[in-house]
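The values are calculated or read from the model by the stated rules, or taken from the named source; none is laboratory data. If you're wondering where the values come from, they're calculated on a predicted model, not measured in any experiment. Here Cβ is always computed from backbone atoms with ideal geometry, including for glycine, and neighbour counts include all displayed protein chains. What goes into the accessible areas is simple: the full protein's heavy atoms, side chains included, and nothing from ligands, DNA or RNA. Shrake-Rupley method; radii C 1.70, N 1.55, O 1.52, S 1.80 Å.
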Amino acid sequence: VQLQASGGGLVQPGGSLRLSCAASGIVFSIKGMGWYRQAPGKQRELVARISSGGYTNYSDSVKGRFTISRDNDKETVYLQMNSLKPEDTAVYYCQTKNYWQEDVWGQGTQVTVSS
């Protein structure tokens with residue numbers, strides 16, 4: 001199983017970014033997918049999840065600003081991030097589970113929100 005995340009970068013407060021995570025080696029359409037983030041000195045935390053059926057849930061800190069979505073044909077999950085704040089600065093990881101229900105992580109993509 002491989003997860004390849006992309007789309008991070010430097011953005012000013014109030015700006016937007018869209019992260020992408022392309023999956024391979026799994027039957028993507030039946031897998032729940034998640035985005036997590038880890039800021040320096042902090043634990044990795046859940047940002048958003050989307051089920052195989054398209055149900056979503058978000059952390060309170062991003063609700064109303066971030067949107068997770070998926071394209072099963074492209075085997076890709078997205079995270080649209082709007083109204084970004086400096087506290088959103090972190091390395092963002094996509095996540096899923098393999099056949100044995102073990103967590104699989106992408107390589108991470110850096111998001112920096114700064115003026």
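Only one of (1) modelled with pLDDT under 95; (2) touching a Lys or Arg at 6+ places or on another chain (Cβ under 6 Å) is not met by residue 99, so which one is it?
It is condition (2) that residue 99 fails.
On the given criteria, is residue 113 within 20 Å of residue 15 (Cβ to Cβ) and in contact with an Asp or Glu (Cβ under 6 Å, 6 or more places away or on another chain)? Lay out the reasoning, then the answer.
Numbers: within 20 Å of residue 15 (Cβ to Cβ): yes; in contact with an Asp or Glu (Cβ under 6 Å, 6 or more places away or on another chain): yes.
Against the criterion (within 20 Å of residue 15 (Cβ to Cβ) and in contact with an Asp or Glu (Cβ under 6 Å, 6 or more places away or on another chain)), residue 113 qualifies.
Which ones in region 1-25 are in a loop (DSSP other than H, G, I, E, B) and farther than 12 Å from residue 95 by Cα? Walk me through how you get there before you give the answer.
Taking region 1-25 and keeping what is in a loop (DSSP other than H, G, I, E, B), we get 1, 7-8, 12-16, 25.
Within region 1-25, 7, 8, 12, 13, 14, 15, 16, 25 meet the criteria.
In this structure, is residue 98 closer than 29 Å to residue 13 by Cα, surrounded by fewer than 16 Cβ atoms within 10 Å (Cβ to Cβ) and of a type in the set (S, T, N, Q)? Before the answer, list the steps.
Values: closer than 29 Å to residue 13 by Cα: no; surrounded by fewer than 16 Cβ atoms within 10 Å (Cβ to Cβ): yes; of a type in the set (S, T, N, Q): yes.
No: the conditions fail for residue 98.
Within region 41-91, take every residue that is assigned to a loop (DSSP other than H, G, I, E, B), of a type in the set (S, T, N, Q) and open to solvent by less than 50 Å² (accessible area, probe 1.4 Å) and give me the one that is nearest to residue 12 (Cα to Cα). Quick ask: steps written out before the conclusion?
Quick first cut of region 41-91, residues assigned to a loop (DSSP other than H, G, I, E, B) only: 41-44, 51-55, 59-65, 72-75, 82-85, 89.
From what is left, the residues that are of a type in the set (S, T, N, Q) are 43, 51-52, 59, 61, 72, 82-83, 89.
Okay, now just the ones that are also open to solvent by less than 50 Å² (accessible area, probe 1.4 Å), so 51, 59, 89.
Working: 51: 31, 59: 22, 89: 11 Å.
Applying the filter and picking the extreme gives 89.
Name the residue, out of 38, 12, that is surrounded by 14 or more Cβ atoms within 10 Å (Cβ to Cβ), closer than 18 Å to residue 110 by Cα, of a type in the set (S, T, N, Q) and touching a residue at least 24 places away in the same chain (Cβ under 8 Å).
Numbers: 12 fails: surrounded by 14 or more Cβ atoms within 10 Å (Cβ to Cβ).
Only one candidate qualifies: 38.
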